[in-house]
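**Student:** Below are the structure tokens for one structure; questions will follow.
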4 protein chains.
Amino acid sequence: MKHEGEGVGGGADALRVAVIGTGRMGSDHVRRLDRVISGARVSAVIDVDGGRAERIADGVPGCTAYTDAAAAMDAGDVNAVLIASPGPAHEAALLAAFARDLPVLCEKPLTPGAESALRVMEAEVKLGHRRAQVGFMRRYDTEYLQLKALLDGGGLGRALMLHCRHRNVATPPGFTEAMMINDSVVHEIDATRWLLGQEITAVSVVKPAPSSAAPDGLSDPQLVLLETSGGALADVEVFVNCGFGYQVQCEAVGERGSARLGDAHGLYVNAAGRWGGAVAQDYVDRFREAYDREVQHWVDAARRGVTEGPSVWDGYAAAAVCEAGVRAQTSGARTEVTLTARPPMYG
Amino acid sequence: MKHEGEGVGGGADALRVAVIGTGRMGSDHVRRLDRVISGARVSAVIDVDGGRAERIADGVPGCTAYTDAAAAMDAGDVNAVLIASPGPAHEAALLAAFARDLPVLCEKPLTPGAESALRVMEAEVKLGHRRAQVGFMRRYDTEYLQLKALLDGGGLGRALMLHCRHRNVATPPGFTEAMMINDSVVHEIDATRWLLGQEITAVSVVKPAPSSAAPDGLSDPQLVLLETSGGALADVEVFVNCGFGYQVQCEAVGERGSARLGDAHGLYVNAAGRWGGAVAQDYVDRFREAYDREVQHWVDAARRGVTEGPSVWDGYAAAAVCEAGVRAQTSGARTEVTLTARPPMYG
Amino acid sequence: MKHEGEGVGGGADALRVAVIGTGRMGSDHVRRLDRVISGARVSAVIDVDGGRAERIADGVPGCTAYTDAAAAMDAGDVNAVLIASPGPAHEAALLAAFARDLPVLCEKPLTPGAESALRVMEAEVKLGHRRAQVGFMRRYDTEYLQLKALLDGGGLGRALMLHCRHRNVATPPGFTEAMMINDSVVHEIDATRWLLGQEITAVSVVKPAPSSAAPDGLSDPQLVLLETSGGALADVEVFVNCGFGYQVQCEAVGERGSARLGDAHGLYVNAAGRWGGAVAQDYVDRFREAYDREVQHWVDAARRGVTEGPSVWDGYAAAAVCEAGVRAQTSGARTEVTLTARPPMYG
Amino acid sequence: MKHEGEGVGGGADALRVAVIGTGRMGSDHVRRLDRVISGARVSAVIDVDGGRAERIADGVPGCTAYTDAAAAMDAGDVNAVLIASPGPAHEAALLAAFARDLPVLCEKPLTPGAESALRVMEAEVKLGHRRAQVGFMRRYDTEYLQLKALLDGGGLGRALMLHCRHRNVATPPGFTEAMMINDSVVHEIDATRWLLGQEITAVSVVKPAPSSAAPDGLSDPQLVLLETSGGALADVEVFVNCGFGYQVQCEAVGERGSARLGDAHGLYVNAAGRWGGAVAQDYVDRFREAYDREVQHWVDAARRGVTEGPSVWDGYAAAAVCEAGVRAQTSGARTEVTLTARPPMYG
């Protein structure tokens, strides 16, 4: 809640965060750190488009604009890094932060592929302690947390199946089939791993005839099947041009019951012959509080000198499953996932 | 609503129905025809267990017990047949009814396999007009009818996917994996064909690690994937030992929206720290009115001299898909369905 | 399900019903008895508009048209009476039926006032046994029955309050404020008495500024407060020009929990940025099955020689409460209800 | 997110808040300001129980304990005041804060009665600008905000009625009937004024026979009727020993539709024959985010040098309605509310 002319805020001991990337996600994180999160402030913004970085920095007291991430990290006023640049830039930024032992919050994907993710993991293992949290923010959503607690507490018995829906109103130009896996289903991949505490061992993709609302070349929707190390099965409807709203749902089916998250709620209206309410239109509507909680958790941990939350291992495993998923999408065949051995550091 | 000592009811022109089979389903149909349905009465009950048939007949005015279906059909007081005997007995009963040109309501399955179903179809085609209605009673459920109307009216655009759940509390002794397809999923097979107006062209079955509530040898639950001639995809969770209730749900995903049926409803209670209500415990709870509507529709049509509703073709197609499903269940492989040419009589 | 040319149906022992009144409700009951109800047929229809009666009778096999109810009752082919004429005609029809000891189903109101209801009750008491069932069909609705069972079973503890909503889309021309009580709230009056097993002892009416959708002279909506002999309190929103649908809801608040009936259900649709479904548009949508169940119950009992369901006492008590309600509506003051002693015949 | 040993946080320009009262609400606000709210820190806590104040202050970096509010306000490190002491102490604290021109967030009630509230209002009017925000935090709840927007936008037409429920699990020892109005219904009083933009002109209270769960001397539940200057009518069920949970609901009925807030939501579970979920057990469960949003709004405004949100006028009006409500509760009669003229400063 700092405002121009009020001087630098956030407290002498506030986390001083360099935000890399000032696109939609990056600038939203700048706003969040500046106005919502307790105990942090934005001391640097970095964008290869220097003018854009300047414009963002101008609105934030005590914030300097950079075009180079390493330069920003070397500035005295930075002691933490939030990476919200495009995926291909993540590896370099992560390695630079590790080199300086700075805590990082890295938007998903950790990196665009398993191989680069592995390099990042090796660097962090070499560092000897966790320094990066990956932005799988579903883990911070109230209903996901309730479902996790219910499953962990045994309330449904052992989980057997997950039925997931991931629907977006429409895709922007240039959206590809691989992005349905890498940008959308990646969330269900992480949620499946996290909810069940199991790795994903195989992926299959089944495609119905596409919607006429799908752009040319995009077979939308698709049904993605995930098999896990514990023998559970998750099916994910991914439909990125569903037209009516942004909708994320998950039903866990256990031995003794089932539980569903993501039903629309809020105001219930009777009017014009209909009952019901509004469907969220984008992820901000749906997950605003999860993002706030995620960043606050990262800030709190960083100020205590530790890094928690989704790990580089989680980022790597998701990347490996996504790669298998994209192959399955192309081949039509069930595709197994092979992971490297899990370093002890990741429990 | 006829009662002992009140004489034979149902009207001089009432349909006089011979009910074959007096197990749970048969005796429920006897009750329904006797007490709920308008314009029909039960004039004969047939069971190989003659004592059982007698006991049922004793409770119904003007009803005679038989152990032989043909003998009952030849009695003067029978002009319609309801088949509720075990599946293997259906073919003979259907052929006997066709031979006498009697309208038949045949509980599903039409017959236990595609080959016998084909013989039944040939006999009816030879007869030259429809005489059998198959007991796919989902088509008479209010919410299924609403979904059908919504899809047919274009309210969701073209249907792309169906997500179906079919859950039973527990299985009786002797329940086999094949019965998960033949007795349970057969309803979703018919519902998919009917809702979409398309044939099913391939079946796959994926099995997670079974529930510890599943009897030995039963891999329960399973996910069955149905592909249709129009390129739609239906996934069916079949879970016959879910423990918590009888639950049938279906979400149709179209180009412009989705619609779900089967949410629990009824009284909404706040008590003991919980909100919610009771889950139906069996198909009678869930589908009583659909059964009533189905039988009434058959009686009404029969009294007008016609047969409508799900046809022998529908019974045959379902049998062919079930056969492919059972093969897919065993092999683990996607299995195509091949149907004979559709006789013009089935439009 | 009888059709022209098929002869007289319904069984030799079927109840042969004279339906008095062929307006919306009467002709719907003719259809119901003719096509839905088991064990009954319509043998006579009576309307002062003889042409109208003829047209209705023409569509029903074995049915004769009359303009005089007593003449119809004296015809050989009548052994039961369903009264669906306007309220002022009820008393004479009831007394005529009692004089012939015929079972009667009388649409609500029993009579238009407590005084005439009392005369009807005296006639039935003199007869010495119940012969009239009053058409309070809420008692036959599934959710009301569930709520009654929950309350009677002690699931909520003692009932303390009822919150009721009674909403209609719009009123026909000529609808008066008194009709808000006599035609609409009368259902909540009976439901309150029946659910709680208590008499209503006082009525108050509070009127907010009327909706601009209300016709001139109609203060719509209103809040009606009912106090009961057991100290419970029911509030009823009656809003007969709510515009959006026909909606009847009731929440019972007990010592240990609450339960609500009347939430809209059925197909749940996501489309055009909204989730939800359709609100019923009239009482036929909402209560069709309750009407069927009510008439079937009456027919079944009549064929066993008895009369059950809501009694003349219930009709009288409702009339007395309505009279107090209309006085309260006019005076703005809390108005006590005084009932005569309950004849032992009504238990 | 400051932790021991990390020094004083919150930023050089952070609001430095003195929190008066360290009971349940006060200590929760200390935690909130310390760990959740951006741009503020707790520099002082005040409690007449000095030991208690010390214990709280010990857990907060840079926070000093006081037993005297004025002394704390005079300390250099305080530039804002949050009042969470018992109601009788509010007037003095408010006047002390006004004397120092400090922004105040005062938990409801503003003061325990209309007369003292009037004195506070006069003091603020004399100051010439708003300095106090009253803790009516319903105005910060997402669903209330949605309902307010719907009403203001004309989506329901003019509002005619509100149906409100306010249920608590159980009352602590010493809870009185007057507290049902002053502590519970006061929220619905403010919400009614705010949602409708109208003053409340009369109050009536109707009491059913009390629940056997109600402590001796507490007639619980009650129905409170509020009439507004625009002719709308709000009914409020207040039931402070409902046993099953904490539940706040409000349905607004407008000329063209109705809208309800407060339906339970979150995870939807099928298990043990039931569908549904958990009811919130206290106001923290239900309104946590509303409290966060309220305090953040106050902090943000204070740092901009202004005071917004519910005003002293709102606090006074609520106090006047509460007084009438308590009189109505005792007398059983409809009781009019008389307000002083609204100072222009309060718009």
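The values are calculated or read from the model by the stated rules, or taken from the named source; none is laboratory data. What you are looking at is a predicted structure, and each value in this text was computed from that prediction instead of being measured. With ideal geometry, Cβ positions are generated from the backbone for all residues, glycine too; neighbour counts draw on all protein chains shown. We work out accessible area using only protein heavy atoms, side chains counted, and drop any ligands, DNA or RNA first. Shrake-Rupley method; radii C 1.70, N 1.55, O 1.52, S 1.80 Å.
**Student:** Using a 1.4 Å probe over the heavy atoms of the protein chains, calculate the carbon and sulfur portion of the accessible area of the range D:15-138 as a whole percent.
**Tutor:** For the range D:15-138, the apolar C and S fraction of the accessible surface comes to 53 percent.
**Student:** Give the angle, between 0 and 90 degrees and rounded to the nearest 10, that separates the Cα long axis of helix D:114-127 from the longest principal axis of the Cα atoms of chain D.
**Tutor:** 50 degrees
**Student:** Now, a different point. Under the rule a/c < 1.5 gives rounded, and otherwise a/b versus b/c splits prolate from oblate, where does the protein assembly as shown land using the Cα gyration tensor?
**Tutor:** Cα axes put the protein assembly as shown in the oblate bin.
**Student:** What residues from the range B:121-159 fall in the zone where the backbone N is under 20 Å from a label point 7 Å along the Cα-to-C-beta line of A:Ser212?
**Tutor:** From the range B:121-159, the list is B:148-159.
**Student:** Once the Cβ-Cβ distance between C:Asp58 and B:Arg304 is put in as r, and R0 is 25 Å, what FRET efficiency do you end up with, to the nearest 0.05?
**Tutor:** 0.85
**Student:** Ignoring ligands, DNA and RNA and using a 1.4 Å probe, state the total buried accessible area between C and D in Å², rounded to the nearest 100.
**Tutor:** 2600 Å²
**Student:** Further question on the same structure: Kirkwood hydrodynamic radius for the range C:83-148: how many Å is it when counted over pairs of different Cα atoms?
**Tutor:** It works out to 12.5 Å.
**Student:** Determine the per residue accessible area of the range B:15-137 with all protein chains present and a 1.4 angstrom probe, expressed in square angstrom.
**Tutor:** 35 Å²
**Student:** Measure nothing but the geometry: give the 0 to 90° angle between the long axis through the Cα atoms of A:142-152 and the longest principal axis through the Cα atoms of chain A, rounded to 10°.
**Tutor:** The helix A:142-152 is inclined about 60 degrees to chain A.
**Student:** On to the next question. Set the bar at 32 Å for Cα to Cα. Now go through A:Lys126/B:Lys207; C:Lys207/D:Lys148; B:Lys126/B:Lys207 and name every pair that lies beyond it.
**Tutor:** Flagged as over cut-off: A:Lys126/B:Lys207; B:Lys126/B:Lys207.
**Student:** Tell me which B residue has its C-beta closest to the axis rotating B onto D, and the distance in Å?
**Tutor:** That would be B:Gly276, 1, residue then distance in Å.
**Student:** I would also like to ask the following. Could you grab the relative contact order for chain B? Cα pairs under 8 Å, six or more apart, rounded to a whole percent.
**Tutor:** After rounding, I find 19 percent.
**Student:** Right, next: In nm, give the distance between the simple-model label positions of D:Leu145 and C:His129, each being 7 Å from the Cα along the Cα-to-Cβ direction.
**Tutor:** Between D:Leu145 and C:His129, the simple spin-label model gives 6.9 nm.
**Student:** Could you work out the mean projected area of the convex hull around the alpha carbons of the range B:9-53, in square nanometres to one decimal?
**Tutor:** 2.9 nm²
**Student:** Taking a ≥ b ≥ c as the square roots of the eigenvalues of the Cα gyration tensor of the range D:213-347, is the shape rounded (a/c under 1.5), prolate (a/b larger than b/c) or oblate?
**Tutor:** oblate
**Student:** Further question on the same structure: Along Cα-to-Cβ, 7 Å out, sits the label point; list in nm, shortest first, how far the one on C:Pro173 is from those in the other copies.
**Tutor:** 6.0, 7.0, 7.3
**Student:** Rounded to the nearest 0.05, what FRET efficiency is calculated for A:Glu289 and D:Val284 with R0 set to 22 Å and r the Cβ-Cβ distance?
**Tutor:** 0.90
**Student:** Relative contact order for the range C:173-252: what percent, with Cα pairs under 8 Å and sequence separation of 6 or more?
**Tutor:** Once normalised by length, the contact order is 26 percent.
**Student:** Right, another one. For the pair A:Leu95/B:Leu339, report the inter-label distance in nm, with labels modelled 7 Å from Cα in the Cβ direction.
**Tutor:** 5.9 nm
**Student:** Something else about it: Using DSSP to call loops (not H, G, I, E or B), can you name the trypsin sites (Lys or Arg not before Pro) in the range B:253-347 whose Cβ has at most 14 other Cβ atoms within 10 angstrom?
**Tutor:** B:Arg304
**Student:** While we're on this one: Quick check on the range C:203-274: take the gyration tensor over C-alpha atoms, sort the square-rooted eigenvalues as a ≥ b ≥ c, and tell me if it's rounded (a/c under 1.5), prolate or oblate.
**Tutor:** oblate
**Student:** Can I ask one more? Over the range A:221-296, what is the relative contact order in percent, taking alpha-carbon pairs closer than 8 angstrom and at least six residues apart?
**Tutor:** Once divided by the residue count of the range A:221-296, the mean separation gives 21 percent.
**Student:** Moving on to the next point. Could you list which residues have their amide H under 5 Å from that of D:Gly245, counting only those 5 or more apart in sequence or on another chain, with H placed in the peptide plane?
**Tutor:** So D:Gly245 has HN proximity to D:Val169.
**Student:** Direction-averaged shadow area of the convex hull around the Cα atoms of chain A, nm²?
**Tutor:** 19.5 nm²
**Student:** Buried by at least 50 Å² relative to the chain on its own: which residues of the range B:226-275 qualify, computing accessible area with a 1.4 Å probe on protein heavy atoms?
**Tutor:** B:Leu233, B:Phe244, B:Glu255, B:Ser258, B:Arg260, B:His265, B:Leu267, B:Tyr268, B:Asn270, B:Gly273, B:Arg274, B:Trp275
**Student:** Let me ask something else. Subtract the Cα-Cα distance of C:Asp74 and C:Arg24 from 0.36 nm times their separation in residues, and report this length gain in nm to one decimal.
**Tutor:** Length gained, C:Asp74 through C:Arg24: 15.5 nm.
**Student:** Here is a follow-up. Which residues of the range B:9-49 show a drop of at least 50 Å² in accessible area when all protein chains are present, compared with their chain alone (probe radius 1.4 Å, heavy atoms only, ligands and nucleic acids excluded)?
**Tutor:** At a threshold of 50 Å² (probe 1.4 Å), the residues of the range B:9-49 that become less exposed are B:Asp13, B:Ser38.
**Student:** What residues does the range C:286-325 have that are buried by at least 50 Å² of accessible area in the full protein assembly compared to the chain on its own, 1.4 angstrom probe?
**Tutor:** Residues passing the criterion (a loss of at least 50 Å², heavy atoms only) are C:Glu289, C:Arg303.
**Student:** Kindly write out, for the range A:72-83 in residue order, the coupling ³J(HN,Hα) from the Karplus curve 6.51 cos²θ - 1.76 cosθ + 1.60 (θ = phi - 60°), rounded to whole Hz, with x marking Gly and Pro.
**Tutor:** Result, rounded to whole Hz: 5, 5, 7, 5, x, 8, 10, 10, 6, 10, 10, 9.
**Student:** For A:Glu199, which inter-copy label distances result when the label point lies 7 Å beyond Cα on the Cα-to-Cβ vector, reported in nm to one decimal and in ascending order?
**Tutor:** Inter-copy label distances (nm, one decimal, shortest first): 4.5, 7.2, 7.8.
**Student:** Could you give the angle, 0 to 90 degrees to the nearest 10, between helix A:90-99's Cα long axis and the longest principal axis of the Cα atoms of chain A?
**Tutor:** That helix lies at roughly 50 degrees to the long axis.
**Student:** What aspartates and glutamates does D:Lys108 reach when the alpha-carbon gap must be under 14 Å and sequence neighbours fewer than 8 apart in one chain are set aside?
**Tutor:** The qualifying aspartates and glutamates are D:Glu91, D:Asp183, D:Glu188, D:Asp190, D:Glu294, D:Asp314.
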